[in-house]
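Here's the structure, in structure tokens; my notes come after.
What follows draws every value from the coordinates through simple rules; no lab data is involved. Bear in mind that the values here come from a model prediction, so they are computed numbers and not experimental data. Positions of Cβ are backbone-derived with ideal geometry, glycine not excepted, and every protein chain shown enters the neighbour counts.
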Amino acid sequence: MNTASAQANSTSSADAATKGAISIRNVTKIYDPGGVNVLAVEDCSIEIAPGEVCMIVGPSGCGKTTLLNAIAGFHSITSGQIDLDGKMLCGPGKPLADQGADRVVVFQNGALFPWKTLADNVAYGPIVQGTMTKAEAYGKAVDMLAEAGLSGVAGKYPGEVSSGMARRAEIVRALINDPKVLLLDEPYRAMDALTKSIMHESLLEVYDRTKVTIFFITHDLEEAIFLGDRVIVMTTRPARTKKIVDVKIERPRDYRLLSSEEFRVLVEETKGAVHEEAVKAFEAGERELA
Amino acid sequence: MAQATPNTEKSKSRIGKFVSNVTFWRGVVAILVFLVLWEIGAQWKGWFGYMMPFVGKVAPPTDVIAIWMEVGQQSGYWLSWWLSSVRVFVGFLAAMIIGIPFGLAMAVNKYFRGIFFPPFEILRPIPPLAWVPASIIFWPTTEMSIMFITFLGAFYTIVINVLGGARSIDVQYLRAAQSMGASQWDLFSKIILPGTLPSIFVGAAVGMGITWEVVLAGEMMSGGGQQGGGGLGFFIWGSYMGGVMDQVIVGMISIGVAGYISSSLIRYLGHVCMPWRRMF
């Protein structure tokens, strides 16, 4: 195993910046639970440039995850089209995108396989795709974990490490597939503020190294502005784009940004839009209950 | 030799650790206290001048131990252990071999589930003991009919646990695997199977308990086959018929011990097969 890890090559790829353009055009999704139509996403269009960090913010249950599921190929769309690098993922005649390792998902509650060690978890993708032998994949997994500062826990099971380490390992597990797009669904939701800020810096560090396109769903506005190139505020259900905030803050970024004036101005600017939608969502929820 | 030494040392220290464990001694003390209470209850013929149910009717542990020493020298007693264990083991193994794939197939394939789940659910509430007459008629030998009863005892529990376990695997694990390019077979062998293992072992532990429950009834009803060594169930029944109540209790406790050993073995196997659950 150790010889394999010594031979394994480095992680980042040279052409990473030239791929991963996502084009979401007029996408509508209607769920049909028991004959009652629920409009989850309506006529939603988002263009994401290659290597962009696109943050999606919106009230709970507004349809953000529906969009992510459509890109990942977990759910179909009702109309519209989603392209990846100019090739149609799903659209007219093909409502459900094929699942593929070019769009790896990191989940809300963490989905490291509890029955595999961190290294085996990371090695999983290349092994099932058949792109590496088991020894190669394991060696590369160990190397990549070490790069992420997780060399000491590569042989541990997910249940034995902290949630922060597990989440970092999960991002490593996604990156070993060399994806075009990283789809993150509120990955740091349940974390305390301190762990969260460490997670953010580690994600930014990964991003600066790989320049992978990131589609990141969150509730946390400050997180959105700290990490993103653009923050897209969604309306309450059905989801449409309400406001797009460009974050023209230079990279690399670090925690000092959080106390800067330009950061606070951006947060204030976005907060109004998000709050408005949150109130609407809350009132809609009350109507449903009444 | 040089390699064997640290190994034996390790296992010795593990046993040493086990014996020096507070939990272990708590268990020992609990059993001793129970025996003392039993002794007092058995010796004390009337409590405060009233007849109490059970009290004084059951032989005290000292008598039981004395009889046990006697019985333990007879080969028939140990043959009973052997016969019952074989019946339990064969029935249980058959239940695992058939039940695990059957449960998994029902979990992953909705057509298979649609066809086999309804009849399974109708057969499941039928107690294994209700199968005894049919089993005796159906199977050519008594031995096979008893094993069939033990098989039934474990089968339903194992299938239900496997089915439930496989169906309750977090969909995120499946999606994560799919998004990394896993094939259907990868999903099954690397996600569903390990994800179901905990439920398989729960089913096995419960099923093992049930096989010991039903093997005795099977033996009692079928007469246990050969003379003098028809299994622990027949041992109890024969002792009761012969009016040797002390020996009945010996048989009862033997079953308790056998069941405990069996479930410990399953727990140990679970421990070996699921290293990720060791910290729990």
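Neighbour counts of other Cβ atoms within 10 Å put B:170, A:178 in the fewest-to-most order B:170, A:178. Straight-distance candidates among the lysines for linking to residue A:243, with alpha-carbon spacing under 16 Å and chain neighbours fewer than 8 residues away dropped: A:64, A:271, A:280. If you bin all the Cα-Cα distances of the stretch B:63-277 at 5 Å, starting from zero, the percentages per bin are 1, 7, 13, 16, 15, 13, 11, 8, 6, 4, 3, 2, 1, 0.
By the scheme Lys and Arg +1, Asp and Glu -1, what is the net charge of all other residues having a beta-carbon under 11 Å from that of residue A:218? Before the final figure, lay out the partial values.
Values: positive: A:64, A:189, A:196; negative: A:185, A:186, A:220, A:222, A:223.
That sum, taken over residues with Cβ under 11 Å, equals -2.
What net charge do the residues around residue A:240 carry, taking every other residue with its C-beta under 9 Å from that of residue A:240, with Lys and Arg at +1 and Asp and Glu at -1? Provide the component values of the computation, followed by the final result.
Details: positive: A:242; negative: A:42, A:43.
Its environment carries a net charge of -1.
Cross-link partners of residue B:110 among aspartates and glutamates, defined as those whose alpha carbon lies under 16 angstrom from its own and excluding same-chain residues fewer than eight positions apart: B:121.
Between residue A:213 and A:51, A:182, the built amide H atoms are under 5 Å apart, and every one of these is 5 or more places off in sequence or on another chain. Would you please classify the overall shape of the protein assembly as shown from the alpha carbon gyration tensor, given that a ≥ b ≥ c denote the square roots of the eigenvalues, rounded means a/c under 1.5, and beyond that prolate means a/b larger than b/c while oblate covers the rest? Judged from the Cα gyration tensor, the protein assembly as shown comes out prolate (a/c at least 1.5, a/b above b/c).
For every other residue with a beta carbon closer than 11 angstrom to the beta carbon of residue A:72, add +1 if it is Lys or Arg and -1 if Asp or Glu, then tell me the sum.
Details: positive: A:103, B:175; negative: A:98, A:102, A:185.
Net local charge, residue A:72 excluded: -1.
Among B:173, A:255, A:188, B:111, sorting on how many other beta-carbon atoms sit within 10 Å of each Cβ, with the fewest leading, yields B:111, A:255, B:173, A:188. Structure remark: mean-square fluctuation, Gaussian network model of chain A, C-alpha springs under 10 Å; the largest value among A:182, A:227, A:96 belongs to A:96.
Cα centroid separation, the stretch A:173-208 to the stretch B:233-277: 53 Å. Comparing A:112, A:84, A:39 in a Gaussian network model of chain A where C-alpha atoms under 10 Å apart are linked, the largest mean-square fluctuation is found at A:39.
In this simple spin-label approximation, residue A:254 and residue B:93 carry label points 7 Å from Cα along the Cα→Cβ vector, and these lie 6.5 nm apart.
List A:124, B:77, A:31, B:268 from most exposed to least, where exposure is judged by having the fewest other Cβ atoms within 10 Å. Kindly include the intermediate steps, with their values, before the conclusion.
On the way: A:124 26, B:77 21, A:31 14, B:268 10.
Ranked by crowding around the Cβ, least crowded first: B:268, A:31, B:77, A:124.
Considering chain A as a Gaussian network with a 10 Å cut-off on Cα pairs, which listed residue, A:74, A:216, A:226, attains the greatest mean-square fluctuation? The residue that fluctuates most here is A:74. Label separation (residue B:124 vs residue B:252): 3.2 nm, computed from points 7 Å beyond Cα along the C-beta direction.
Take the Cα of residue A:39, step 7 Å toward its Cβ, do the same at residue B:116, and the gap between the two points is 4.6 nm. In this calculation the C-beta distance from residue B:184 to residue A:201 is compared with R0 = 25 Å, giving a FRET efficiency of 0.05.
Rounded to the nearest 0.05, the FRET efficiency derived from the C-beta distance between residue B:241 and residue B:261 at R0 = 22 Å is 0.20.
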